[in-house]
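Only the coordinates and a few stated rules stand behind these numbers; no lab work does. It should be emphasised that the depicted structure is a prediction, and the values quoted were computed from it without experimental measurement. All Cβ positions, even for glycine, are placed from backbone atoms using ideal geometry, and neighbour counts span all protein chains on display.
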Amino acid sequence: MPFNAVFSHIIKKRLPRIERFSNHPIVCQKENLNYLLNSANSTVIGKKHDFKSCDSVLQFQKNVPLSNYDSLKPYIDRQIKGEENVLWPGRTSWFAKSSGTTTKREKILPITVDSLYENHYAGGKDLLALYYQNFRNRKLYNAKHLIIGGSTQIHSMSNDTSIGDLSAFIVENLPWWTEIRRTPKREIALMNDWEEKLEKMAHATLNENICIIAGLPSWTILLMKKVLEISGKEHIHEVWPNLELYMHGGMNFLPYKESFKALFPKPQMNYVEAYNSSEGYFGLQDQVETQDLLLLVDSHIFFEFIPMSDFEGLNSKTVLSLDQVELEKEYALVISTSAGLWRYIIGDTIKFVENRPYRFQITGRTTQFINSFGEKLLIIHAERAITRAAQCCNAKIKDYTVAPFFENESQNGGHEWAIAFDVVPKNMNTFSEILDQSLKELNVDYEGKRSSSINMIEPKIKMIGHDVFEKWLKSKNKLGGQHKIPRLNQDRTFIEEIFDLHLKSDRNSYI
C-alpha cells in the first residue's frame with residue numbers, strides 16, 4: 001500500500017496553516033489569547049482574575065499576575081487530588097514530571113487533552129510538514145522512527161490521576177498510524193532503569209529499518225555507541241542505511257555536532273531542532289540553511305517576554321507582547337497555555353533574530369548564568385566557545401559544566417570548567433586559550449573583565465572522567481532521556497559534587 005504517499009499528502013495539509021501564522025503572527029496570538037480566556041473564564045483561576053473582563057492584552061496583564069511553579073502549585077495540587085475546573089475546564093488527569101535541570105525538586109506540571117493534541121502533537125506534525133516541504137520526495141513513513149524518550153513509566157493513582165514523563169504520555173496516546181511506525185515497543189520505551197533500557201533498546205532496534213531518530217543529543221550518543229558495540233559496525237549508516245533525519249531539542253546541539261558527524265558520516269543526514277518541554281512546544285527549525293527557530297504562535301499558547309535587563313522574577317514590571325519585542329535583545333519567556341499555565345515564567349531566555357516571521361534563538365536560562373565578576377556569561381556564549389575550541393583542537397565534547405572560582409591571595413578569580421571528552425584535545429593549553437579567546441570575542445563584558453587579567457584570570461579546565469556526569473545523574477535518580485546537566489552555575493555546589501565523584505574515580509587532571 002502507498003502508505004508514504006498518503007502520509008505525505010495528509011501532513012502537507014498543515015502547510016497553509018503554518019503559512020498563515022508565519023505571515024500573521026500578531027493576529028494569531030490575539031486569537032490564541034481570546035480562545036484561552038474564553039475557555040477558562042469559569043474555572044477557579046478564571047473567576048479569581050476575572051477572565052471575562054480581559055478584552056485586551058493590557059487588561060489581561062493587569063488582571064493576571066506573573067506566575068511560576070511555586071505560585072501555581074496550590075492549584076496543581078488541587079487538580080492532582082481530582083478537583084475539576086481549576087486551571088483549565090474539566091478534569092486534568094495527566095501530570096508530567098519535569099526534568100528538574102535547575103531545581104533540586106521535581107515539578108509536576110499539568111497536561112490536558114487540549115495541550116497534548118493541539119500543542120505537543122501539533123508541533124510534531126508541523127515539524128514533519130516543513131521537513132517534507134524542505135526535502136522533497138521523502139519516504140519517512142516507509143521505515144521506523146526511533147524515539148528516545150524519558151525513563152519514567154506512568155504512575156496511576158487511586159483517583160485516576162496519572163503522573164509520568166511527558167514522553168510517556170505522548171507514547172501512550174499516539175494515534176495508531178504513528179504508533180505502528182514507532183520503535184522500540186512500549187514496554188522497552190517506558191522502562192525505568194535507563195542502563196537496562198539502553199541495552200534493550202539497542203538489541204530491539206538493531207535489525208529494524210530506521211529512518212528517523214529523535215532524542216536528547218547526550219543520550220542519543222550513548223545509545224548509538226551501544227548499537228555500534230553490539231553490531232560491530234564503524235558507523236550508524238552501516239546499521240541503518242535508510243537513516244536520514246535526526247530530530248533534537250532540549251539542549252544545544254553545537255557541542256555534540258562533531259560526535260554526530262562521526263556517528264552519521266553520510267552527507268545526506270539531516271538535522272532538525274525543536275524547542276519543546278513539559279510546559280509546551282514553542283518553536284521549531286523551519287529552514288535548512290539556518291538553525292533559527294520559528295515561534296509557533298498558533299498552538300494554544302500566548303507568549304509574553306520580559307527584557308532580561310529588567311528581569312525581577314514575579315516582580316518584573318516590564319512585560320511585552322510579541323508585537324513589542326526588539327531584535328537581538330534577550331527576553332525571559334512567559335507563557336499562557338491550554339494546560340492551565342497562566343503567565344508562567346518558564347525559566348528559558350531567548351532573543352529574536354527575525355520578525356517576518358518571528359524566528360529566535362535560545363540563549364539560556366534565567367537561573368543559569370555566571371555574573372560573579374560582571375562578565376554576564378550566558379549559556380549561548382559557553383556553548384559556542386567550547387564548540388569552537390573543540391573544532392580547532394579536533395576534540396569531541398561529551399558533557400561539561402562551569403562555575404566561578406576565587407583566589408584568596410590575588411583577590412580575583414575566573415571560571416572553572418569541568419569537561420568530559422569523547423575525544424581529548426592533543427594540546428589542552430591550546431584548547432584553553434581558544435576557549436578563552438572565543439569567549440572574549442562573543443561577550444564584550446567577559447572581554448572587559450579579562451583585560452590584563454586584573455579582574456578575571458584565565459579559565460581553569462579540569463578533565464573529568466568519562467562517566468562522572470552519568471554517575472552524578474544516577475546518584476540523583478535522574479538517569480534517563482529527559483534529564484540534562486546544568487551548564488552554568490553561580491555557585492560551586494554542583495561542580496564540587498562532580499569533582500568529588502571524579503576523585504573517587506581517581507582521574508584527576510588539572511590544566
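A compact table of results
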| item | result |
| --- | --- |
| Solution diffusion estimate, µm²/s, Stokes-Einstein, region 169-255, Kirkwood Rh from C-alpha pairs, 4 °C, viscosity 1.567 mPa s | 94 |
| Region 379-504: radius of gyration over Cα atoms, expressed as a fraction of 2.2 N^0.38 Å | 1.06 |
| Cβ-placed point charges (K, R +1; D, E -1), dipole of region 174-267 about Cα centre in debye, nearest 20 | 220 |
| Cα-Cα over 30 Å, subset of Lys233/Lys462; Lys47/Lys107; Lys266/Lys478 | Lys233/Lys462; Lys266/Lys478 |
| Cα-derived Rg over Rh, computed across the chain with Rh taken as Kirkwood radius | 0.96 |
| Listed residue (Pro89, Leu439, Ile210) projecting farthest to the positive dipole end of the chain, Cβ model | Ile210 |
| 12 Å Cα-Cα reach of Lys476 towards aspartates and glutamates, excluding residues that sit fewer than 8 places from it in its own chain | Glu106, Glu497 |
| Value of [θ]222 nm, deg cm²/dmol, for the chain, DSSP H segments ≥ 4, -39500 (n - 2.57) each, nearest 500 | -10000 deg cm²/dmol |
| With eigenvalues of the C-alpha gyration tensor scaled by 5 and rooted, region 225-296, Å | 26, 14, 11 |
| Cα-based shape type of region 264-304, given that a ≥ b ≥ c are square roots of the gyration tensor eigenvalues and the cut on a/c is 1.5 | prolate |
| Normalised per residue, the volume of the convex hull around the Cα set of region 30-145 (Å³) | 165 |
| Shape category assigned to region 327-454 from the gyration tensor of Cα positions, a/c cut at 1.5 | prolate |
| Pairs from Lys185/Lys226; Lys376/Lys474; Lys398/Lys426 whose Cα-Cα separation, in the structure shown, is over 27 Å | Lys376/Lys474 |
| Convex hull volume of region 4-94 per residue (C-alpha atoms, cubic angstrom) | 144 |
| Sequence-distant lysines (8 or more away, or on other chains) whose Cα lies within less than 16 Å of Lys52 | Lys30, Lys62 |
| Nearest-20 debye value, region 251-316 charge dipole, Cβ charges on Lys, Arg, Asp, Glu | 500 |
| Stokes-Einstein diffusion coefficient of region 160-213, Kirkwood radius over Cα pairs, 20 °C, 1.002 mPa s, in µm²/s | 174 |
| Nearest-0.05 FRET efficiency for Glu447 and Glu496, computed from C-beta distance (R0 30 Å) | 0.60 |
| Charged-residue dipole, Cβ positions (Lys, Arg, Asp, Glu), region 360-414 about Cα centre, Debye nearest 20 | 340 |
| Whole-Å distance, taken between Cα centres, linking region 308-356 and region 375-432 | 29 |
| Largest-first ellipsoid semi-axes for region 115-277, taking √(5λ) over the Cα gyration tensor eigenvalues, angstrom | 25, 20, 15 |
| Neighbour cut-off at most 13 other Cβ (10 Å), DSSP loop, trypsin sites (Lys or Arg not before Pro), region 404-473 | Lys426 |
| Inter-centroid distance (Cα atoms) of region 1-37 relative to region 187-266, Å | 30 |
